[in-house]
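Written below as structure tokens is the structure these notes are about.
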Amino acid sequence: MSVKLHIKKGDTVYVNAGNNRGQQGKVLEVLVKEQRAIVEGVNMVSKSTKPNAKNPQGGIVKQEAPIHISNLQPVDAKSGKPTRVGRKLNDKGKLVRYAKKSGEEIK
């Protein structure tokens, strides 16, 4: 069974819980099965890597770790504040996401 998520790749989101509370970032990837998302600059972890072609030196690399989507809210384009998401049919009969705060369609 596939679950419909309120966040998509490319959305700007606000982190509303956890160590990174209050931060905003762009969604780089959504892991649907785990219900997690990787957000740019949020939930950074240090990972040790062996030397390879990309990183010939090896050592410690900082990278984003997945964060649960229940801790993320899309940011309203109009006000720049976090908002809840609704779904409605647009004039072309397509189901679109909209910001509950402003009624604006989320692109």
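The values are calculated or read from the model by the stated rules, or taken from the named source; none is laboratory data. Everything quoted here is computed from the prediction, not taken from an experiment. As a convention, Cβ positions derive from the backbone with ideal geometry for all residues, glycine included, and neighbour counts pool all protein chains shown. With ligands, DNA and RNA removed, areas are computed over all heavy atoms of the protein, side chains included. Shrake-Rupley method; radii C 1.70, N 1.55, O 1.52, S 1.80 Å.
Couple of notes before you dig in:
- Every residue from the range 48-107 that is open to solvent by 80 Å² or more (accessible area, probe 1.4 Å), in contact (Cβ under 8 Å) with a residue 12 or more places away in the chain and polar (S, T, N, Q): Ser48
- Lone qualifier among Val39, Val15, Val45, Val30 - being among the aliphatic types (A, V, I, L, M) and surrounded by fewer than 18 Cβ atoms within 10 Å (Cβ to Cβ): Val45
- A single member of Val75, Val32, Val85, Val39 is aliphatic (A, V, I, L, M) and more than 18 Å from Thr12 (Cβ to Cβ), and it is Val32.
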